[in-house]
Amino acid sequence: MTITANDPDRTSWLHVDKNSDFPIQNIPFGVFLTRDDIITIGTRIGDTAIDLGALHQLGYFDGIPLTDDIFLQDTLNDFIADGRKTWRAVRKRIAEIFDSKNEALKNNKKHKEIVLFRLDEIEMQLPVHVGDYTDFYSSKEHATNVGSMFRDPENALMPNWLHIPVGYHGRSSSIIPSGIPIHRPQGQSLPNGAKKPVFGPSKLVDFELEMAFITTDANDLGEPIPVDEAEEYIFGLVLFNDWSARDIQKWEYVPLGPFLAKNFASSMSPWIVTLDALEPFRVAGPKPLKPQLSYLKYTGKKSFDIQLEVAIRPKEAKETVVSRSNFKYMYWNMSQQLAHHTVNGCPVNSGDMMGSGTISGLTPDSYGSMLEITWKGEKPIKMKDGSKRKFIEDYDTVILRGHCEKDGTRIGFGQVTTQLLPVFNSKKKK
Ligand code: MN
């Protein structure tokens with residue numbers, strides 16, 4: 001199957017910087033507020049945002065079966081629910097409209113004024129209404145590191161880990177777009193050596209370097225999704241910072257898993273890069289270390305080579321890159337995660353979000369959390385401004401970036417940026 005929107009030889013009449021994450025082969029989807037305060041669904045080529053609602057009203061999508069208001073919405077959920085055939089047709093058409101060889105919109109000044117925006121004229125919103133959010137735990141390196149620290153280095157992986165894509169149900173109410181600051185959470189923790197818990201600001205606030213995939217309506221109650229069909233129901237991916245409070249987590253997570261340590265905020269990048277756009281970057285995943293049950297056995301390449309990095313920017317200082325990892329390190333891939341999630345008949349809907357779990361590589365410079373990078377804070381890292389970090393400090397900004405690159409084509413996700421503010425002060429607000 002050829003996805004024509006991915007044609008590596010196509011160029012756009014819109015300007016695209018050489019190292020842009022958003023060439024005409026990307027065509028991601030997002031939601032933004034325009035300079036006129038109108039909310040719309042859009043895409044991006046280079047540093048130009050494109051109002052798809054306006055394009056549709058001007059007739060540029062004629063011939064594709066779309067409802068009139070499909071792009072005039074504050075979320076992508078309905079568009080995603082239209083299914084893969086529609087996503088493909090729309091991406092193909094956008095590629096044609098902005099192709100260097102097509103002068104229809106290029107030469108229509110009036111239309112361009114309505115449709116095109118500079119990035120500083122728009123405000124990105126959360127791209128989907130996330131109905132349900134699930135977070136997996138699918139990096140073997142991460143699970144091994146955490147198991148070594150929290151339990152026993154000899155038996156770091158739980159007996160189920162090599163058989164099940166382990167996950168838990170998260171909370172969608174605290175999923176936020178890039179750029180929204182968060183407050184340091186408060187909660188219970190058990191200080192080392194203490195017999196009773198204390199209450200206060202978390203001292204161990206951490207990021208988790210993750211990616212998340214967004215699904216379409218996939219199945220009815222009771223109906224499992226076969227592993228080799230799972231990708232049909234994956235719309236696309238975002239960068240995902242699953243904020244965590246390690247001291248709260250350590251005290252609360254037994255026996256039911258993470259709770260308040262994980263649900264105070266999770267930040268996502270605003271442009272959803274479609275699975276179609278990532279097609280050229282497929283790679284084989286890690287070989288199973290133990291035989292997997294048949295509903296988890298897949299054919300073909302289902303991992304993706306996505307280079308990831310994390311930077312921390314202290315207040316009024318330059319950023320320091322603290323980790324470089326890759327999505328391809330994941331032991332369990334998205335298809336296995338979705339097959340497992342639905343094997344009991346659990347329905348998955350349009351706009352659901354599935355986090356990968358922290359993505360760590362083999363070496364400390366590729367670990368996906370401060371917990372691992374500084375080994376519980378035992379090995380602080382040095383920042384460019386001379387300061388040291390064990391975990392995230394007040395006013396630090398955490399930035400995740402990701403992109404794929406092959407044969408001269410680069411498809412990226414931009415970034416997700418979040419500043420950590422001090423504990424919420426209700427008095428100050430009044
Ligand atoms: Mn997580």
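Return the inverse of the average 1/r over all pairs of distinct C-alpha atoms in segment 165-294, which is the Kirkwood hydrodynamic radius, in Å to one decimal.
Taking every pair of different Cα atoms in segment 165-294, averaging 1/r and inverting gives 17.6 Å.
Write down the radius of gyration of segment 282-341 and its Dmax, each obtained from C-alpha positions, in Å.
16.3, 53
At a 1.4 Å probe radius, carbon and sulfur cover how many percent of the accessible area of the chain?
Result for the chain: 51 percent of the exposed heavy-atom area is carbon or sulfur.
Report the label-to-label distance for E121 and R88 in nanometres (one decimal), using points 7 Å from each Cα along the Cα→Cβ vector.
Label at E121, label at R88, 3.4 nm between them.
Size of the dipole of the chain about the Cα centre, Lys and Arg at +1 and Asp and Glu at -1 on the beta carbon, nothing else charged, in debye to 20?
With Lys and Arg at +1 and Asp and Glu at -1, about 1580 debye.
For segment 349-430, which GluC sites (Glu not before Pro) pass both filters: DSSP loop (anything but H, G, I, E, B) and at most 12 other C-beta atoms within 10 Å?
When the GluC sites (Glu not before Pro) of segment 349-430 are filtered for loop state and at most 12 Cβ neighbours within 10 Å, E378 remain.
Please list, by residue number, every one of the trypsin sites (Lys or Arg not before Pro) in segment 178-280 that is coil in DSSP and has at most 10 other beta-carbon atoms within 10 Å.
When the trypsin sites (Lys or Arg not before Pro) of segment 178-280 are filtered for loop state and at most 10 Cβ neighbours within 10 Å, K195 remain.
What would the Debye equation give as log₁₀ I(q)/I(0) for segment 325-375 at q = 0.13, 0.16, 0.23, 0.28 Å⁻¹, counting only Cα atoms as equal point scatterers?
For segment 325-375 at q = 0.13, 0.16, 0.23, 0.28 Å⁻¹, log10 I(q)/I(0) is -0.43, -0.59, -0.86, -1.05.
Using only the alpha carbon atoms of segment 270-386, find the Kirkwood hydrodynamic radius as the inverse mean reciprocal pair distance, in angstroms to one decimal.
16.8
Given segment 88-215, what whole percent of its Cα pairs are spread farther than 19 Å?
For segment 88-215, the share of Cα pairs beyond 19 Å comes to 73 percent.
Scan segment 1-75 for trypsin sites (Lys or Arg not before Pro) in coil per DSSP, keeping those whose Cβ has at most 10 other Cβ atoms within 10 Å, and list them by number.
K18
What does the convex hull of the Cα atoms come to per residue for segment 317-417, in Å³?
Each residue corresponds to 169 Å³ of Cα convex hull volume.
Please state the relative contact order of segment 213-303 as a whole percent: Cα pairs under 8 Å, 6+ residues apart?
Here the relative contact order equals 28 percent.
Take the residue pairs K315/K384; K262/K297; K140/K328; K140/K203 and return only those whose Cα atoms are more than 20 Å apart.
K262/K297; K140/K203
I'd like the distance between the alpha-carbon centres of segment 302-318 and segment 79-127, rounded to an integer number of Å.
28
All other residues with a Cβ under 9 Å from the Cβ of N349 taken together, and with Lys, Arg as +1 and Asp, Glu as -1, what is their net charge?
Residues close to N349 contribute a combined charge of -3.
Given springs between every Cα pair under 10 Å in a Gaussian network model of the chain, which of E208, E309, E232 has the largest fluctuation?
E232
Please work out, to two decimal places, the log10 of the ratio I(q)/I(0) at q = 0.17, 0.18, 0.25, 0.28 Å⁻¹ from a Debye calculation in which every Cα of segment 56-100 carries one identical scatterer.
-0.48, -0.53, -0.99, -1.18
Within straight cross-link reach of K112, meaning Cα distance under 30 Å, which lysines are found once same-chain residues fewer than 8 apart are removed?
Once the sequence-local lysines are set aside, what remains near K112 is K18, K85, K92, K101.
Among K302, K315, K376, which one shows the biggest mean-square fluctuation in a GNM of the chain, springs joining Cα atoms closer than 10 Å?
Maximum among the listed residues: K315.
Got the relative contact order for the chain handy, in percent, Cα pairs under 8 Å and 6 or more residues apart?
This gives 20 percent for the chain.
Mind checking the log10 I(q)/I(0) for the chain at q = 0.12, 0.14 Å⁻¹? Debye, one equal scatterer per Cα, no solvent, two decimals.
Calculated log10 I(q)/I(0) at the listed q: -1.00, -1.33.
Please state the Cα pair-distance histogram of segment 65-158 with 10 angstrom bins from zero: what percent is in each bin?
12, 24, 26, 14, 15, 8, 2
Connecting C-alpha atoms closer than 10 Å in a GNM of the chain, tell me which of I312, I114, I164 has the biggest fluctuation.
I114
Using +1 on the beta carbon of Lys and Arg, -1 on that of Asp and Glu, and nothing else charged, what's the dipole of segment 1-132 about the Cα centre, debye to 20?
580
The values are calculated or read from the model by the stated rules, or taken from the named source; none is laboratory data. This one's a predicted model, so the numbers in the text were calculated from it and none came from an experiment. Cβ sites come from the backbone with ideal geometry, for glycine too, and all protein chains shown count toward neighbours. With ligands, DNA and RNA removed, areas are computed over all heavy atoms of the protein, side chains included. Shrake-Rupley method; radii C 1.70, N 1.55, O 1.52, S 1.80 Å.
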